[in-house]
1. Residue by residue through segment 284-302, note down the ones that are under 44 Å from the mean Cα position of the chain (by Cα) and surrounded by 18 or more Cβ atoms within 10 Å (Cβ to Cβ).
2. For the structure I just gave you, tell me whether residue 323 is assigned to a helix (DSSP H, G or I) and closer than 20 Å to residue 27 by Cα.
3. Out of all the residues in segment 132-175, which are part of a loop (DSSP other than H, G, I, E, B), of a type in the set (A, V, I, L, M) and within 14 Å of residue 101 (Cα to Cα)?
4. Would you confirm whether any residue within segment 149-158 is under 32 Å from the mean Cα position of the chain (by Cα), touching a residue at least 40 places away in the same chain (Cβ under 8 Å) and not assigned by TED's automatic domain parsing to the domain that holds residue 341?
5. If residue 259 passes every condition in (1) out of contact with any Ser or Thr (no Cβ under 8 Å at 6 or more places or on another chain); (2) β-branched (Val, Ile, Thr); (3) surrounded by 12 or more Cβ atoms within 10 Å (Cβ to Cβ) but one, which one does it miss?
6. Cβ-Cβ below 6 Å, separation at least six or inter-chain, first residue in segment 327-342 and closer than 13 Å to residue 360 by Cβ, second in a helix (DSSP H, G or I) and polar (S, T, N, Q): which pairs?
7. Need a quick list: helices (runs of 4 or more DSSP H) entirely within segment 201-307 having at least 2 residues that are modelled with pLDDT of 90 or more and β-branched (Val, Ile, Thr).
8. What are the pairs with Cβ atoms under 7 angstrom where one residue, in segment 237-249, is assigned by TED's automatic domain parsing to the domain that holds residue 83 and the other, located anywhere, is acidic (Asp, Glu) and surrounded by fewer than 16 Cβ atoms within 10 Å (Cβ to Cβ)? Sequence gap at least six, or different chains.
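The values are calculated or read from the model by the stated rules, or taken from the named source; none is laboratory data. Quick caveat: nothing in here was measured; it's all calculated off a predicted structure. Don't worry about glycine lacking a Cβ; one is built from the backbone with ideal geometry, like all the others, and counts go over all protein chains shown.
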Amino acid sequence: MNYELFLAARYLTGLRRSQPVVSVIAFISVLGIALGVASLLVVISVMSGFDADLEEKIIGANPHLLVQVEGGIRDPEAVINRILETPGVVAASPVLQTQVLIKRGDESVGALLRGIDPVREPQVTRLAELLKKGNWAIGPGELLIGSEMAGRWGLRVGDPLTVVGGEKAKSFPAKVGGIFTTGMYEYDMYLSLASIETVQQVLNQPGVVSGIGVRVEQAIQAPKLQKTLRKQLGYPYWITSWMDMNSSLFAALKLEKLVMFIILTLIILVACFNIVATLLMLVVGKTKEIGILKSVGATQSSVRRVFTLAGLMIGTAGTALGMGIGTAICLALKKYQFIKLPADVYYIDHLPVLLKWNDIGSVLLAALLISWAACLYPAWVAARMQPAKALRYE
């Protein structure tokens, strides 16, 4: 241990005896930083949990990639075979989507009607797993609807509906074949599934699909496979990833997380003002010691390091305590789920928590940087002190 670190530790451990008031302020500094760090870690982990939960629901209801052509694809099997030759692609399934009106008596709602292949679709999305009532094997004229639409109209499996769509807005009889729940209001209210043949009948486009849904090995690899498929398929195909489909939503969540990080970091910043007060009072109390150090040859940078290290010890102690408290709270929230949420509003009954290493690193770095910045002025004051003036009245 070099003498600068030794002196910094010695000054802090001797505060309770030599300067009890400064000792109390230092203790408050540690608690303030710990509170700020714990709050920041818990909030960021909860927001990361919400992000992960939202991503899981979006990916569950949508393919990782969607290959489309203006005017539709007239030979989907040939395109699917080309897509499946790409390394990293797990499965592919034809899709035919269109906007329709779904009517129940005198009431109607605009919806996205998605025609699917019931055999291949479960390999691309999780919608089959999310089916709560009914049969996934969709028959002619049957619709799988979301739980919100079903709840709005009190629908059950077998109830009649009317689909209005196509260029001439013709009406087609239909019935409820099943009810699914994705956990997202937009999908559960405005998404309906039918067989591709049913949707082709609505659009009067036999043999045509609007796109090919593609599943890749890992959802995070979608942008990479998107570029590969663009080169492989070429014009006139265009490929959209699940991130592109929800880019505005993810941008808003990212901005919200950044704003919360900045706001809660201010708690740490306020707590670190106590470090400034602690070190300034420590400098005043150690005037004689500083004078002796400089008279025996200690340089300004050496004295500066002593008080910087003292401040960093306070900041590190508070950060370590805060990380421990924050991690414990996150693990408790994840295991015991003692904070309940209204399931009809959030679709989950507890706070989702996800501890990520990059979040932990960001909190740790922010706390230590602010603690270091709080040491600069008091250390500069101590370093500028002249030996003669320091010892004049001693």
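1. Those that are under 44 Å from the mean Cα position of the chain (by Cα) and surrounded by 18 or more Cβ atoms within 10 Å (Cβ to Cβ): none in segment 284-302.
2. Working: assigned to a helix (DSSP H, G or I): yes; closer than 20 Å to residue 27 by Cα: yes.
In short, yes.
3. To start, the set of residues in segment 132-175 that are part of a loop (DSSP other than H, G, I, E, B) comprises 135-141, 154-159, 166-169.
Then keep just the ones that are of a type in the set (A, V, I, L, M); that gives 137-138, 155, 157, 169.
Correct list: 169 only.
4. Checking segment 149-158: at least one residue is under 32 Å from the mean Cα position of the chain (by Cα), touching a residue at least 40 places away in the same chain (Cβ under 8 Å) and not assigned by TED's automatic domain parsing to the domain that holds residue 341.
5. So the condition that residue 259 fails would be (3).
6. Between residues of segment 327-342 that are closer than 13 Å to residue 360 by Cβ and residues that are in a helix (DSSP H, G or I) and polar (S, T, N, Q), the close pairs are 330/45.
7. Working: elements: 222-233, 242-245, 247-285, 287-295.
Helices (runs of 4 or more DSSP H) meeting the threshold: 247-285.
8. Listed pairs, sorted by first residue: none to list.
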